[in-house]
Amino acid sequence: MSFITPSFRHPDLPVNDVGFTKKDYEGSLSTLCAGCGHDSISAALVQACFELSIEPHNVAKISGIGCSSKTPTYFLGNSHGFNSVHGRMPSVATGANLANRDMIYIGVSGDGDSASIGMGQFAHVVRRNLNMLYVVENNGCYGLTKGQDSATADIGSTSKSGVPNAYSPIDLVSLALDLGATFVARSFSGDKQQLVPLLKAAISHNGFAFVDVVSPCVTFNNTPASTKSYDFVREHINATGTFDFVPMKEEITTHYEPGSIEQVQMHDGSVINLHKLSQGYDPRDREAAFDALRDAKREGDILTGLIYIEPDAQELHEVIETTNKPLRVLAESDLCPGNKVLQTINESLR
Ligand SMILES: Cc1ncc(C[n+]2csc(CCOP(=O)(O)OP(=O)(O)O)c2C)c(N)n1
Ligand code: SF4
């Protein structure tokens, strides 16, 4: 099988503000099972980066291990990439980000990768508010190793093995919120209309942006008794509201009725227009977000949309007051104070 996508594209393909076509954001041909939700998420990431006019060489894609963690090969082929160790994407992302704060970091993980072996790393990258987009492609199973139940599978949910899951699930959205995440969203791989603006907003957020995307595994977890199947999710989806994302370069316009919109200005000046539901859901209220998640759970619904945002959040570099320059451009003299300074410090501690 060829891993190279055909290079021919229509000569009149639209270009974005930095002169790239959508094709410039694609990657190698996917080797995932036909119909895998993960491929739809890759397509949404391509669309989001194209629409945001991101320069591909300014992006670093980092992942762990799993079908989900393979996907950075299938989008942004002209960006940097590091396919790390199972569950260890957060520490690699943290190291890279601390060395170079000027890049855009896109982390892709699975529910197995983040909610089991990588749980400790996940918890700490959330609380440090590392400036990155963290996507969990959540199928409730370990797709790559033949469909064992993951820690996000619901009690009683049944994968292809036919054995109902006996354990209580971990909801990464509630956990991220509890750990102090400054941007928390959930979507469905089959809902591009909701997913693309969410990803754009998450990439533009100043800090840790967590997006949990329910992404059915068509091979091992798309049975009628699975709560991560296409049919189940379509029947139980409950959106907080839809929204547009407007980068600050563009004029902010909308064709929706004024009373139904809530504008949230992000740190970089860009704006999210939230189309609110009638109950007046405010995504800037952490307690309301907990309540909304609890209510949806009680009803057996999957709450999707922008669940929480702290628009003025301080990301890790601001918290620990690092230098504005990326580490990689600092000379040795900047990084090492020299023997004399060191001796003075030592003397002061005697
Ligand atoms: C240290 C280590 N332990 C176990 C494995 C085996 N392994 C590979 S992928 C995987 C789980 C993948 O599940 P998930 O992260 O949900 O991704 P999916 O394949 O479902 O997208 C496991 C257990 C491994 N590669 N490395
Ligand atoms: S095994 Fe499941 S998660 Fe992996 S590629 Fe196939 S459908 Fe996707």
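The values are calculated or read from the model by the stated rules, or taken from the named source; none is laboratory data. Since this is a predicted model, take the numbers as computed values, not measurements. Ideal geometry is used to build each Cβ from the backbone, glycine not excepted, and the neighbour counts take in all protein chains shown. Side chains are part of the model used for accessible areas, which takes the heavy atoms of the whole protein and leaves out ligands, DNA and RNA. Shrake-Rupley method; radii C 1.70, N 1.55, O 1.52, S 1.80 Å.
Taken about its Cα centre, the chain carries a charge dipole of roughly 1040 debye when the Cβ of each Lys and Arg holds +1 and the Cβ of each Asp and Glu holds -1.
Note: relative contact order over segment 58-101, using C-alpha pairs below 8 Å and six or more positions apart, is 42 percent.
Computed over the chain with a Gaussian network model linking Cα atoms closer than 10 Å, the most mobile of 29, 177, 306 is 29. In the structure shown, the pairs 23/70; 200/297; 61/297 are assessed against 30 Å; a Cα-Cα span above that value is assigned to 61/297.
Antiparallel DSSP bridges in segment 92-246: what percent, to the nearest 5?
Details: 3 of 21 bridges.
The antiparallel proportion sits near 15 percent.
Extension gain, residue 58-residue 99: 0.36 nm per intervening residue step, less the Cα-Cα distance, totals 13.4 nm.
One way to sum up the overall shape of the chain is the equivalent ellipsoid from its Cα gyration tensor, whose semi-axes run 32, 24, 24 Å, largest first. Restricting segment 115-207 to chymotrypsin sites (Phe, Trp or Tyr not before Pro) that sit in a DSSP loop and have at most 13 other Cβ atoms within 10 Å of their own Cβ leaves 167. Springs between Cα atoms under 10 Å define the GNM used for the chain, and in it the highest mean-square fluctuation of 95, 64, 112 occurs at 95. When only Cα pairs below 8 angstrom with a gap of at least 6 residues are kept, segment 37-110 shows a relative contact order of 38 percent.
With each label modelled as a point 7 angstrom along the Cα→C-beta vector, the residue 225-residue 350 pair spans 7.5 nm.
Dividing the mean sequence gap of close Cα pairs (under 8 Å, 6+ apart) by how many residues the chain holds gives a relative contact order of 15 percent. The gain in end-to-end length when the residue 127 to residue 155 segment is fully stretched comes to 7.3 nm, 0.36 nm per residue minus the alpha carbon separation.
Counted over the chain, the DSSP beta bridges are approximately 40% antiparallel.
I'd like the FRET efficiency for residue 321 and residue 192, computed as 1/(1 + (r/R0)^6) with the beta carbon distance as r and R0 of 30 Å, rounded to 0.05. For residue 321 and residue 192, the calculated efficiency is 0.15.
Residues considered: 90, 337, 216. Largest GNM mean-square fluctuation over the chain, using C-alpha springs under 10 Å, is found at 337.
For segment 107-209, which trypsin sites (Lys or Arg not before Pro) pass both filters: DSSP loop (anything but H, G, I, E, B) and at most 15 other C-beta atoms within 10 Å?
Values: sites: 127, 128, 146, 160, 186, 192, 200; in loops: 128, 146, 160.
Filter output for segment 107-209: 146, 160.
Adding -39500 (n - 2.57) for every DSSP H run of four residues or longer, then dividing by how many residues the chain holds, sets the calculated 222 nm ellipticity at -8000 deg cm²/dmol. Accessible area per residue for segment 1-148 is 41 Å², calculated with a 1.4 Å probe on protein heavy atoms, without ligands, DNA or RNA. The simple spin-label model puts a point 7 Å past each Cα toward its Cβ; for residue 284 and residue 301 those points are separated by 2.4 nm.
Leaving out same-chain residues fewer than 8 places away, which lysines sit with a Cα under 18 Å from that of residue 325? Residue 325 reaches no qualifying lysines.
So, R0 is 22 Å and r is the distance between the beta-carbons of residue 8 and residue 29; what FRET efficiency does that work out to, to 0.05?
Between residue 8 and residue 29 the formula returns 0.95.
For residue 17 and residue 148, a Förster radius of 56 Å and the Cβ-Cβ distance give a FRET efficiency of 0.80, rounded to the nearest 0.05.
How big is the equivalent ellipsoid of segment 291-347 along its three axes, where each semi-axis is √(5λ) from the Cα gyration tensor, reported in whole Å from largest to smallest?
For segment 291-347, the ellipsoid semi-axes come out as 49, 14, 9 Å.
Counting only protein heavy atoms and using a 1.4 Å probe, what share of the accessible area of the chain belongs to carbon plus sulfur, as a whole percent?
Numbers: 8900 of 16670 Å².
Carbon with sulfur: 53 percent of the solvent-accessible area.
A crude spin-label estimate for the pair residue 341 and residue 314, with each label 7 Å from Cα along the Cβ direction, gives 2.3 nm. With Cα atoms defining each centre, segment 76-138 and segment 313-334 are spaced 19 Å apart in the structure. Placing a label point 7 Å from the Cα of residue 236 along the Cα-to-Cβ direction, the residues of segment 120-158 whose backbone N falls under 18 Å from that point are 137-142, 149-158.
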